[in-house]
Structure formats: C-alpha cells, structure tokens
1. Residues with amide H under 5 Å of GLN24's amide H, sequence separation 5 or more or different chain, H placed in the peptide plane at 1.01 Å from N; which?
2. Using modelled backbone amide H atoms (1.01 Å from N, in-plane), which distant-in-sequence or interchain residues come within less than 5 Å of VAL56's amide H?
3. Which of GLU47, GLU62 has the fewest other C-beta atoms within 10 Å, and how do the rest follow up to the most?
4. Provide the net charge surrounding GLU48, with neighbours chosen by a C-beta distance below 11 Å and charges set as Lys +1, Arg +1, Asp -1, Glu -1.
5. Please turn the phi angles of the stretch 42-52 into ³J(HN,Hα) values with the Karplus equation 6.51 cos²θ - 1.76 cosθ + 1.60 (θ = phi - 60°), one per residue in order, whole Hz, x for glycine and proline.
Amino acid sequence: MEVENFNNEQSEKRYDSYIEAMNQCPLCTTELEIVYRVKSDQEKVLEEAQCPSCKVKASTKEHHLQ
Ligand SMILES: [Zn+2]
C-alpha cells in the first residue's frame with residue numbers, strides 16, 4: 001500500500017505534535033476525529049479533521065507521498 005511511506009516513525013512524531021495543538025473543534029471544543037483519505041492514483045493523502053458533534057470540517061491538509 002502506498003500509505004506505508006507516510007506512516008513511518010518520523011511522520012508519527014510530527015503527527016503527534018500537530019494533534020496536540022489542533023485537536024479541538026473551534027466551535028464546541030469537542031475532540032476532533034482525524035480521517036485520512038488515500039488517493040492512490042494521485043499519490044496523495046488527504047487529512048481531514050472533523051468534529052463528531054457539529055460535523056464541521058476543521059481542516060483539510062494534503063500530504064504528498066513522494
Ligand atoms: Zn464542534
């Protein structure tokens with residue numbers, strides 16, 4: 001799977017610090033759910049942070065696998 005490149009040890013550390021800063025909904029402060037959508041044909045991973053309470057997408061980031 002192409003997501004292997006993203007899911008290495010270095011990326012996990014960066015991901016943890018990102019989550020500490022950005023893991024709350026700006027509207028209701030509920031903890032966000034992070035969803036990764038892999039677009040394998042485009043070699044990208046879309047990272048979406050969504051509030052499970054009010055269904056607001058707080059942020060979407062693109063990660064290039066290569
Ligand atoms: Zn919310």
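Every number here is computed from the coordinates shown, using simple stated rules; none is lab data. What you are looking at is a predicted structure, and each value in this text was computed from that prediction instead of being measured. Please note: Cβ atoms are built from the backbone with ideal geometry, for glycine as well, and neighbour counts cover all protein chains shown.
1. Amide H to amide H, under 5 Å and 5 or more residues apart or across chains, GLN24 pairs with LEU32.
2. CYS51
3. The most exposed by this proxy come first: GLU62, GLU47.
4. Values: positive: ARG37, LYS57, LYS61; negative: GLU33, GLU47, GLU62.
That works out to 0.
5. Once rounded to whole Hz, the list reads 9, 6, 9, 10, 8, 9, 10, 9, 10, 7, x.
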